[in-house]
Amino acid sequence: MKTVELKIRENTEQHMQELKQWLLEIADSGPEEMSAFFTARIDGYEQHMSVWQPAYQRFAQLLPADSRSILDLGCGTGLELDEIFKRYPDAKVFGIDLCQDMLDRLQQKHGHRNLETVCADYCQYNFGSEKWDSVISFESLHHFLPDKKRQLYRKIYDALKKGGVFLLGDYIACCEEEEQLLRQVYTDKREKFKIPDSQFIHFDIPLTLEHETGLLQDAGFASITAADSINGATIIYAVK
Ligand SMILES: C[S@@+](CC[C@H](N)C(=O)[O-])C[C@H]1O[C@@H](n2cnc3c(N)ncnc32)[C@H](O)[C@@H]1O
């Protein structure tokens, strides 16, 4: 794996302190179902995410210019697509998201483009075989345990054309402690609030860069580059 001496967080100690304080504040609250979480916050969503504007721009810069067909997992309202369509107005995009309200906002912005969307779970959805030049995902895949992610990464690998690129922008844990702590709280909350295994909840369980890239390697990606990290969003570029 190639890394450009990436700093996942500017200040790891401060980040962990703030995280622990926040976990204390939410200690008694039950987790929200994924789609309902985003529907409830739809009006302030893009403003809330604006801290990652430079990361969306960088993400679009890293997308190979010859990507004719792009599969976007967890496209939401399409903040990454805003930047990608600026660079490549004719890009052909297929977006998958669980939340119809998010997709409606995306269609309001980009319905005139070569854009198709489906409201579905990308863990279940059939992406096809050797079909896409690029698969992209921004801030969506940090909600799954490693086993589920392992299956998803294999599916992404199979769906890419040879030489195709998986471009991932996501929340990566700054240290082993962050990964373990969040996973423990996630597991405890699921148990305490009796959340069925089949239900997605909005609770962040990021992996460290080492674990994330390990899963990509296991899936078969030939070259994996941790390209950048901007305001806590890490961009990984994996070539089939
Ligand atoms: C933080 S938003 C990111 C949206 C967009 N990529 C962006 O950066 O603005 C995460 C999105 O992932 C979607 N999502 C989470 N789990 C999903 C799943 N299993 N299948 C499809 N979409 C999912 C959510 O509904 C939500 O719209």
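No lab work stands behind these numbers, since they all come straight from the coordinates. All values reported here derive from a predicted model rather than from experimental measurement. Here the Cβ positions follow ideal geometry from the backbone for every residue, glycine too, while neighbour counts run over all protein chains shown.
Here are some notes:
- Among residues of the stretch 186-210, those that are outside any loop (DSSP other than H, G, I, E, B) and surrounded by fewer than 16 Cβ atoms within 10 Å (Cβ to Cβ), counted: 5
- Enumeration of residues in the stretch 127-139 that are among the acidic types (Asp, Glu) and either surrounded by fewer than 12 Cβ atoms within 10 Å (Cβ to Cβ) or more than 15 Å from the chain's Cα centre (by Cα) (or both): Glu130, Asp133
- Just one of the numbered conditions (1) within 12 Å of the ligand (Cβ to nearest atom); (2) of a type in the set (Asp, Glu); (3) free of Cβ contacts under 8 Å to residues at least 12 places away in the same chain is not true of Asp28: (1).
- Sub-9 Å Cβ pairs linking a first residue in the stretch 167-181 that is buried (at least 20 other Cβ atoms within 10 Å of the Cβ) to a second residue that is hydroxyl-bearing (Ser, Thr, Tyr) and part of a helix (DSSP H, G or I), at least 6 apart or interchain, are Gly169/Tyr56; Cys174/Thr12; Glu178/Thr12, ordered by first then second residue.
- Within the stretch 140-166, considering residues that are among the aromatic types (Phe, Trp, Tyr) and buried (at least 18 other Cβ atoms within 10 Å of the Cβ), the one farthest from the chain's Cα centre (by Cα): Tyr157
- Taken together, the residues in the stretch 188-230 that are out of contact with any Pro (no Cβ under 7 Å at 6 or more places or on another chain) and within 30 Å of Asp66 (Cβ to Cβ) amount to 18.
- Unique residue being aliphatic (A, V, I, L, M), under 22 Å from Leu6 (Cα atoms) and assigned to a helix (DSSP H, G or I) when the list is Leu167, Leu152, Leu182: Leu182
- Residues satisfying the stated conditions in the stretch 108-126, i.e. within 14 Å of the ligand (Cβ to nearest atom), surrounded by fewer than 19 Cβ atoms within 10 Å (Cβ to Cβ) and not in a strand (DSSP E or B): Lys109, Ala120, Asp121, Cys123, Gln124, Tyr125, Asn126
Matching residues to (1) free of Cβ contacts under 8 Å to residues at least 12 places away in the same chain; (2) farther than 22 Å from Ala238 by Cα; (3) out of contact with any helix residue (DSSP H, G or I) (no Cβ under 7 Å at 6 or more places or on another chain):
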residue	(1), (2), (3)
Gly78	no, no, no
Cys99	no, yes, no
Glu116	no, yes, yes
Cys123	no, no, no
Ser140	no, no, yes
Lys149	no, no, no
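- Scanning the stretch 182-208 for residues that are within 15 Å of the ligand (Cβ to nearest atom), of a type outside the set (Ser, Thr, Tyr) and touching a residue at least 12 places away in the same chain (Cβ under 8 Å) returns Ile195, Gln199, Phe200, Ile201, His202, Phe203, Asp204, Ile205, Pro206.
- Pairs are defined by a Cβ separation below 8 Å, a sequence spacing of at least 6 or placement on different chains, a first member in the stretch 32-49 that is away from the ligand (no atom under 11 Å from the Cβ), and a second member that is assigned to a helix (DSSP H, G or I); the pairs so defined are Glu32/Ala40.
- Hey, Gln53 away from the ligand (no atom under 16 Å from the Cβ) and either of a type outside the set (Lys, Arg) or over 20 Å from Asp170 (Cα atoms) (or both) or not: no
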